[in-house]
Amino acid sequence: MQEGTEKLLDIIRNKALATKARVALGVRNPTPKLIRSAEDAMNKGYAEVVLVGNSREISEIGTSLEIIDTLDPETSLGTLLASGEFDAVVRGTARASGTLSHLKKVIGIEKLYRVAFLLTADGTPFFLAPVGIDEGSSISEKIELVRRSVDYIRRFEVEPSVGVLSGGRMGDLGRDREVDRTLAEGDFIANRLQEMGIKATHYTILIEDAISESNFILAPNGITGNLMFRSLVFLGGGDGIGAPVLMDDYVFVDTSRVGGHYTLAIMLASALVKSREEEV
């Protein structure tokens, strides 16, 4: 594991405690687990958490948290963030497509870049991208995604080390045209990142080596990255904390609707607010 990465969770936790940002959490089809995780983030001092969703459904479960009543949290979250009423937003269980498309509209950007923050089953923290099935479809897009992600990771006082993955070992060259293409791309991307001053190594398909030496894994494409995320979090005993959208002026942490617990995602959002304040 890259030196300093083991302290990453402590760094994020301390930044969150130092700022206690006002964070909106999207709520659709609320569950007791979701509500308790939001209350836990508030009780631990990570943030001032406000729930954005159907107040009747949320109140039936019961909570002391403030609620912004809406039947359309997907639209409300972006609007609240753009208005400046909140320091940060966590998607929670709001639907992805509606939330992200409205977010792009209200903040005036054409494309969103995200990097996921994960924990392996043994608690090792690392970053992963791309994680959206429609992300990282070209070499230039992957390089831009890494460039933006590196700037974000450095906000946590950790120097990024990128492990670039591809579709096979070098000894597999010639077995399959698609595998050959990903191997060539992996070499090109790693070399280009090094030219940009970013520490990067092409680990071919050997993710087990990459995770032992890198703190940022670059998947061959968004479909592969999404499968890696789901395999780790939903089958492999790991944890998906959240995927910050890489923006300078706003803090938005994307999350999966499946896990149902958002304490650490709220902590991450609050820490990002603190990091942004420190850069100003």
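Candidates 268, 272, 232: the one that is touching a Leu at 6+ places or on another chain (Cβ under 8 Å), touching a residue at least 40 places away in the same chain (Cβ under 8 Å) and either surrounded by 17 or more Cβ atoms within 10 Å (Cβ to Cβ) or not in a helix (DSSP H, G or I) (or both) is 232.
All but one of (1) more than 13 Å from residue 243 (Cβ to Cβ); (2) touching a residue at least 60 places away in the same chain (Cβ under 8 Å); (3) in the same structural domain as residue 71 (by TED's automatic domain parsing); (4) not aromatic (Phe, Trp, Tyr) hold for residue 99; state the number of the condition that does not hold. Of (1) more than 13 Å from residue 243 (Cβ to Cβ); (2) touching a residue at least 60 places away in the same chain (Cβ under 8 Å); (3) in the same structural domain as residue 71 (by TED's automatic domain parsing); (4) not aromatic (Phe, Trp, Tyr), only one is false for residue 99: (1). Looking only at residues in the range 136-146 that are in contact (Cβ under 8 Å) with a residue 24 or more places away in the chain and farther than 10 Å from residue 246 by Cα, the one that is farthest from the chain's Cα centre (by Cα) is 139. Among the residues of the range 192-208, those that are in a helix (DSSP H, G or I) and in contact (Cβ under 8 Å) with a residue 12 or more places away in the chain comprise 192, 193, 207.
Being closer than 20 Å to residue 239 by Cα and either out of contact with any Phe, Trp or Tyr (no Cβ under 8 Å at 6 or more places or on another chain) or charged (D, E, K, R) (or both) is the filter here; which residues of the range 96-118 pass it? Steps first, answer last, please.
To start, the set of residues in the range 96-118 that are closer than 20 Å to residue 239 by Cα comprises 96, 114-118.
Correct list: 96, 114.
Candidates 186, 167: the one that is in contact with a Ser or Thr (Cβ under 7 Å, 6 or more places away or on another chain), within 30 Å of residue 96 (Cα to Cα) and at pLDDT 95 or above is 186. Selection of the range 26-78 for residues being farther than 30 Å from residue 10 by Cα, of a type outside the set (Gly, Ala, Ser) and in contact with an Asp or Glu (Cβ under 9 Å, 6 or more places away or on another chain) yields 28, 29, 54, 56, 58.
From the list 45, 62, 53, which residue is buried (at least 20 other Cβ atoms within 10 Å of the Cβ), more than 21 Å from the chain's Cα centre (by Cα) and modelled with pLDDT of 95 or more? Going through 45, 62, 53 in turn, just one is buried (at least 20 other Cβ atoms within 10 Å of the Cβ), more than 21 Å from the chain's Cα centre (by Cα) and modelled with pLDDT of 95 or more: 53.
Residue-wise test of (1) buried (at least 16 other Cβ atoms within 10 Å of the Cβ); (2) within 27 Å of residue 242 (Cβ to Cβ).
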site: 108; (1), (2): no, yes
site: 116; (1), (2): yes, yes
site: 125; (1), (2): yes, yes
site: 165; (1), (2): yes, yes
site: 178; (1), (2): no, no
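Residue 249 meets the conditions (1) at pLDDT 95 or above; (2) in a loop (DSSP other than H, G, I, E, B) in every case but one. The failed one is (1). Of note, residue 239 satisfies the criterion of being at pLDDT below 95, within 16 Å of the chain's Cα centre (by Cα) and among the acidic types (Asp, Glu). Pull up the range 232-267, narrow it to residues that are touching a Lys or Arg at 6+ places or on another chain (Cβ under 8 Å) and hydrophobic (A, V, I, L, M, F, W, C), then point me to the one that is farthest from residue 144 (Cα to Cα). Filtering first and then ranking leaves 267.
The values are calculated or read from the model by the stated rules, or taken from the named source; none is laboratory data. The structure presented is a predicted model; accordingly, all values stated were derived computationally and were not measured. All Cβ positions, glycine included, derive from the backbone under ideal geometry; neighbour counts span all protein chains shown.
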